[in-house]
1. Distance between Cα centroids, segment 110-139 to segment 11-56: provide it in whole Å.
2. Under 13 Å from the 7 Å Cα→Cβ point of Gln91, by amide nitrogen: which residues of segment 18-42?
3. Would you list Met48, Met256 from fewest to most Cβ contacts within 10 Å?
4. Rounded if a/c is under 1.5, else prolate if a/b is larger than b/c, else oblate: which is segment 1-102, with a ≥ b ≥ c the root eigenvalues of its Cα gyration tensor?
5. Tell me, Kirkwood radius of segment 160-252 from alpha-carbon pair distances, in Å?
6. Only helical DSSP H runs with n ≥ 4 go in: add -39500 (n - 2.57) per run for the chain, normalise by residue count and round the 222 nm mean residue ellipticity to 500 deg cm²/dmol.
7. Bins of 10 Å, beginning at zero and ending with the bin holding the largest distance: percent of Cα pairs per bin for the chain, please.
8. Just rank Trp242, Trp263, fewest to most, by other beta-carbon atoms within 10 angstrom.
Amino acid sequence: MNELFTVPVLLGILYSGVRLATPYLYAALGEMFAQRSGVVNLGVDGIMLMGAFAAFFVVSNTGNLLLGVLAAMLVGLLMGLIMSFVSVNLQAEQGISGIGLYLFGLGLSSLLFKKLSVSTRAIEGFPALPIPVLSDLPEIGDVFFKHNILVYIAFALVPVAAFVLNHTTLGLKVRAAGMKPEAADSLGVSVARVRYLCVTFGSMMAGLAGASLSIGLINLFQENMTSGLGFIAVALVYFGGWTPLGVMIGALLFSMVNALQLWVQVKAIPIPSDLAVMLPYILTIAALVLGRRARQPAALSKPFSRGEN
């Protein structure tokens, strides 16, 4: 057990935690916007799988990483439009619709992977991009400033998301659609349009989260490679109290726990491996319990029709 508390191992856990937080951040920040507008999208994991496949397939055939990212976001956009239509226009039960979208993404990504004969060999993904000067700092330079571009963008989006939500007209409309859609509608705000925008944006972020896995972290595609990560991202929104900063803290906490369980297995610590793998999911349950204490959007998961109060 003492092997976990050496400086090299602790630094390794921190470094891995920052890297592994990337898909959590992309998916959870996007889902946060969807939920702040009043829509819960439980299909995030399926969208991530499709985004991961699309990115890997494009990069393995073209070698162009940017095209891979764009393909993942395009897939996310299309699946987001499906979720928006079902939840906003058809006003279907959002939880069931989201699970359906997840199963669709899970099945289709596996089918395409088999039928298109995608290579199982690793590709050359995004390389590390050390930040000048900062990456040379002792200890913390390696932990925080020697990652690939997708990692930096994920963390940079946190203050951007906070600014948009709290200091722009768009952010005000998003918050109004999720808290008081009737009031927003009476002031001329199209609640349906806002929800469409937020759900499709969140789905594009989920697609990008998938790309960050397949061409940013692992550089491979495997069936069901997310292993429920998308559901953890949804839980992170609750854990973070529907705020970008809270989501980032939660993402780092979850990724650090994930990194810890990996190091436990690498160091052969005498802890049952199954228990170590369970740690992130135990934390997910705790996040959902704690998230209930935060003030969630009043109209979350509630369909809205003009003229209804």
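1. 16 Å
2. none
3. On the way: Met48 35, Met256 19.
Ranking Met48, Met256 by Cβ neighbours within 10 Å, fewest first, gives Met256, Met48.
4. Details: a/c = 3.11, a/b = 1.54, b/c = 2.01.
Oblate.
5. Details: mean 1/r = 0.0668 Å⁻¹.
Taking the inverse mean of 1/r over all distinct Cα pairs, segment 160-252 comes out at 15.0 Å.
6. On the way: 12 runs with 206 residues, N = 309.
After summing the helix terms and dividing by the residues of the chain, the value is -22500 deg cm²/dmol.
7. Percent of pairs per bin, in order: 7, 27, 34, 23, 9, 2, 0.
8. Details: Trp242 23, Trp263 18.
Ranked by crowding around the Cβ, least crowded first: Trp263, Trp242.
Every number here is computed from the coordinates shown, using simple stated rules; none is lab data. Note that the structure is a prediction, hence the values are computed from the model and not measured. We place every Cβ from the backbone using ideal geometry, glycine too, and count neighbours over all the protein chains shown.
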